[in-house]
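**Student:** Take this structure first; my questions come after.
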Amino acid sequence: MVEDPHQPSLFAVGAEEDLEVWDLRSNTVANNIAHAHNDVILDLDFNPNKPYNIVTGSRDSTIRFWDVRQPTKALKCSTDHSHWVYQVKYNNFHDQLLVSSSSDNTAILHRVLSISSTPLEENLNEERRDEIINKNEDYQDTVYALCWLDTWFYAAL
């Protein structure tokens with residue numbers, strides 16, 4: 001369960017493979033994305049700079065980016081992990097940066113410019129817009145948790 005930083009009365013939950021955004025004022029589901037993943041959603045995070053945008057990680061090994069106002073299709077789907085995605089966290093200052101952890105014994109630092117709040121540079125190569133900045137494979141077991149320590153550093157456990 002994660003509180004929306006733009007609208008404190010809203011919070012999002014993964015309900016099996018569905019993504020639900022609840023409104024606490026009326027105690028109702030404000031937005032629902034049925035079958036957001038093919039397996040259980042393990043984590044989610046609101047984009048800190050772009051309202052209505054959420055990232056989800058699942059046991060189907062994918063990371064999906066959503067605009068909850070348009071629930072028919074994910075904005076982007078990442079298949080960079082080979083097993084369950086335990087956590088996904090946006091950087092609080094630069095929403096084009098995202099870290100993810102998995103039971104494939106990796107933590108990945110992603111750059112996701114294509115759906116961030118930061119305008120794209122026109123001269124930036126198309127293939128360099130979204131990429132893996134760092135893939136840490138030094139873990140000997142599942143990476144269950146991670147967090148941003150400040151603007152540029154994250155920790156994984």
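**Student:** Over the Cα atoms of segment 16-157, Rg to Rh with Kirkwood Rh, two decimal places?
**Tutor:** Rounded to two decimals, Rg over Rh is 0.97.
**Student:** Once you put a point 7 Å from the Cα of Thr118 and another 7 Å from the Cα of His83, both along the Cβ direction, what distance in nm separates them?
**Tutor:** For the pair Thr118/His83, the computed spacing is 3.2 nm.
**Student:** Something else: Which one of Ile41, Val13, Thr28 is farthest out on the positive end of the charge dipole of segment 1-46, using unit charges on Cβ (Lys, Arg +1; Asp, Glu -1) and the Cα centre as origin?
**Tutor:** Of the listed residues, the answer is Thr28.
**Student:** Under 14 Å from the Cβ of Ala145, count the other residues' Cβ atoms, weight Lys and Arg +1, Asp and Glu -1, and hand me the total.
**Tutor:** Value of the local net charge: -2.
**Student:** While we're looking at this one, here's another question. Under a point-charge model restricted to the Cβ atoms of Lys and Arg (+1) and Asp and Glu (-1), what is the dipole moment magnitude of the chain relative to its Cα centre, in debye to the nearest 20?
**Tutor:** Around 300 debye, computed over the chain.
**Student:** Here's something else I'd like to know. Asn38: net charge of surrounding residues, Cβ under 10 Å, Lys/Arg +1, Asp/Glu -1, itself excluded?
**Tutor:** Charge balance near Asn38 sits at -2.
**Student:** On to the next question. With +1 assigned to the C-beta of every Lys and Arg and -1 to the C-beta of every Asp and Glu, and no other charges, what is the dipole magnitude of segment 1-62 about the Cα centre in debye, to the nearest 20?
**Tutor:** 240
**Student:** Related question: Among 10-19, 68-77, 84-93, 53-62, what's the highest-first ranking by average C-beta atoms within 10 angstrom per residue?
**Tutor:** Highest to lowest by the protection proxy: 53-62, 84-93, 10-19, 68-77.
**Student:** Ser9 to Ile132: extension gain in nm, 0.36 nm per residue of separation minus the Cα-Cα distance?
**Tutor:** That works out to 40.9 nm of additional length.
**Student:** Taking all protein chains in place and a 1.4 Å probe, what share, in percent, of the accessible surface of the chain do carbon and sulfur account for?
**Tutor:** Carbon plus sulfur share of accessible area: 47 percent.
**Student:** Given a 1.4 Å probe, how much area per residue of the chain is accessible, in Å²?
**Tutor:** 53
**Student:** Can you quote the Å³ per residue value for the convex hull of the Cα atoms in segment 1-79, rounded to an integer?
**Tutor:** It is 76 Å³ per residue.
The values are calculated or read from the model by the stated rules, or taken from the named source; none is laboratory data. The structure displayed is predicted, hence computed values, not measured ones. Cβ atoms come from the backbone with ideal geometry, glycine included; neighbour counts cover every protein chain shown. Side chains are part of the model used for accessible areas, which takes the heavy atoms of the whole protein and leaves out ligands, DNA and RNA. Shrake-Rupley method; radii C 1.70, N 1.55, O 1.52, S 1.80 Å.
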